[in-house]
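Below: one structure, written as structure tokens.
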Amino acid sequence: MLTRFLPLVAWGNGIFMIGVFAIVVVVLIIAVLSLMNSGKKS
């Protein structure tokens, strides 16, 4: 089981996973900010 996750430590997959995680975090932050802004306006 653990050997399947070891390739995630490699730079290629690692950078890809970090990139996907960063995109998800940015999207969540934008969604929260837009919800807060719309809530303040109303």
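The values are calculated or read from the model by the stated rules, or taken from the named source; none is laboratory data. Since we're looking at a predicted model, the values are computed, not measured. Please note: Cβ atoms are built from the backbone with ideal geometry, for glycine as well, and neighbour counts cover all protein chains shown.
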Filter the stretch 1-34 down to residues that are of a type in the set (A, V, I, L, M, F, W, C) and at pLDDT 80 or above, then give me how many there are. 17
Residue check, Asn37 in contact with a Pro (Cβ under 6 Å, 6 or more places away or on another chain), modelled with pLDDT under 95 and part of a helix (DSSP H, G or I): no
